[in-house]
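What follows draws every value from the coordinates through simple rules; no lab data is involved. All figures in this text were calculated on a predicted structure; none of them were measured in a lab. Using ideal geometry, Cβ is built from the backbone for each residue, glycine included, and neighbour counts are taken over all protein chains shown.
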Amino acid sequence: MSGIITGKVAAGATAAVTSAVENVARTATSLTAGGGFVPREVYESSTQITRSYYLGHHASALNKMRQTISNVGLIIECRDFRVPICSWNPLLERSLAASAAGERSRIIVYTKHDLGPPSGNFSKETSIEGYTNGRYQSGKDMVKTLKKYHKNSYTTKDVMFLGTSAGARSRNDAPNNDKHLLESIKRIAREADSLTGMRAMVVGMPNSGKSTLLNRLRAKGMGLPKAAQTGATPGVTRKIGTPVRIIAGESADDPSSAGLGEGVFIMDTPGVFIPYVSDPEDMLRLALVGCVKDGVIPSVTVADYLLYHLNLVDPKLYTRKFDLGKPTNDVHEFLRAVATRTGKLRKGSELNLENAADWVVQAWRRGDLGRFALERVTEETLAQAVEKAREPTVSISQARKREKEQRKVAQQLKWAGITAPPGGSVA
Ligand SMILES: Nc1nc2c(ncn2[C@@H]2O[C@H](COP(=O)(O)OP(=O)(O)OP(=O)(O)O)[C@@H](O)[C@H]2O)c(=O)[nH]1
Ligand SMILES: [Mg+2]
């Protein structure tokens, strides 16, 4: 199958990517030569970065979901609040939207809100440069823009922002919207008005928090224990789950249950990735949040992308923590400091930069190195994403062929003394 990557492809790209990172780091260091620190304004992603993580079980899960969908009245789609645009999977949406009765109802849940930018006035976060100088969007602004945007959709019945209290800094910060979400699901079930109740399916990209959401709804709605396995790596759920009840059926003792039939059941599904990610920076974003299995993109490259953001948000987030006298754009200098501080050593006391890279990425994912989103949501960026999704799905082999041709053109331009724009060789 052309759309499915193998470990070999990922491994083959590793050497090229590492050397690309070295190039970026060298260029960036020279920027600081004049004195004050200048962060990289643009991330020059290598075009050699693996651009897919569409695995065999993603394709077969999607097929099974298509077969099961006719019984499903509601899709609950999870997206990661830190990457609200690139964690949208248009393929999933296109495959599951239609029903015999027309477009199927949908609720969009932005998960991991607690790991995204702060919504309120928190002294610690508001002293962060990236928020005061407007370079990074506040959580409040992101929520407002996304809510307004989804209001225009006929099938999107609700938009919710959820976080877990584990990462929360205040009550506002991890909005406990489970109750609101259950109310919304009940409303849709009543509209469906089926004697047998309603079936909902929770879908989304890998590791976006689908199983966690199912467990939360079951706990809140039925007071029942965890039904789905969860975990910090993508690919924990491999099969479509059996429907589990999250809302009780109609009962004569409870007038508020009228119209719910047998109640509401929800099915967990495996995360499904996009067949091909055209923008290499999107692939880095998805790798950094943990939607792509660690190792598909070399950890040093992912750490370099994190460093790029840390420098733009506020270098203080890491300089103090890792005893670096001054900020740096050089990922190796950064990782040497991380390795020294955290004791990531190889035999013979040599610093282990790969382990340091893994460690620092995990620290950011836990919310220990600043909380910020990797994309800005505006009417323009949202419209661009919709435009991009309209492009026909390209298979990996088609995309590789296209890139090869574009690289050839870029090389010819270079020989002719014409410089192509950074990243310009990729469609
Ligand atoms: N901080 C925080 N962590 C979350 C949130 N939701 C989920 N997680 C964590 O994210 C990780 C992935 O959660 P899962 O529910 O397993 O994700 P999934 O979408 O089912 O993943 P796959 O089945 O692998 O596709 C777990 O470590 C969860 O604890 C959230 O809102 N905030
Ligand atoms: Mg899961």
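Before moving on, here are some points about what is shown:
- Backbone amide hydrogens, once placed in the peptide plane, bring residue 235 within less than 5 Å of 207, 271, excluding anything fewer than 5 places away on its chain.
- Neighbour counts of C-beta atoms inside 10 Å place 202, 143 in the sequence 143, 202, starting with the fewest.
- Counting neighbouring Cβ atoms within 10 Å and putting the fewest first, the residues 282, 253, 358 line up as 253, 358, 282.
- Pairwise FRET efficiency - residue 349 versus residue 391, Cβ, R0 = 51 Å, nearest 0.05: 0.50
- Partners of residue 388 within straight-line reach, counting aspartates and glutamates whose Cα lies under 18 Å from its Cα and excluding those fewer than 8 residues away in the same chain: 93, 279, 281, 282, 375, 379, 380, 403.
- Phi to ³J(HN,Hα) by Karplus 6.51 cos²θ - 1.76 cosθ + 1.60 over region 70-75, Hz, x for Gly, Pro: 4, 8, 9, x, 8, 9
- Partners for residue 157 among lysines (Cα-Cα distance below 17 Å; same-chain residues under 8 apart left out): 144, 147, 148, 179, 186
- The ranking of 183, 250, 380 by Cβ neighbour count inside 10 Å, starting from the fewest, reads 380, 183, 250.
- Rounded to whole numbers, the Karplus 3J(HN,Hα) couplings from phi for region 379-387 are 4, 5, 5, 5, 5, 4, 5, 5, 4 Hz, using 6.51 cos²θ - 1.76 cosθ + 1.60 with θ = phi - 60°, and x at Gly and Pro.
- Model label points for residue 194 and residue 362, set 7 angstrom from Cα along the Cα-to-Cβ axis, are 4.3 nm apart.
- Amide hydrogen proximity for residue 194: with H placed 1.01 Å from N in the peptide plane, no residue at 5 or more positions away or on another chain lies under 5 Å.
- Mean projected area of the Cα convex hull of region 247-365, taken over all directions, amounts to 12.9 nm².
- The calculated FRET efficiency for the pair residue 57 and residue 262, based on their C-beta separation and a Förster distance of 35 Å, comes to about 0.70.
- The 3J(HN,Hα) values that the Karplus relation (6.51, -1.76, 1.60; θ = phi - 60°) gives for region 82-94 are, in residue order, 6, 9, x, 8, 7, 8, 7, 10, x, 5, 4, 5, 5 Hz. Gly and Pro appear as x.
- Residues with amide H under 5 Å from that of residue 105, placed H, sequence gap 5 or more: 75
- Theoretical gain in end-to-end length, residue 239 to residue 401 [0.36 nm per residue, Cα-Cα removed]: 55.0 nm
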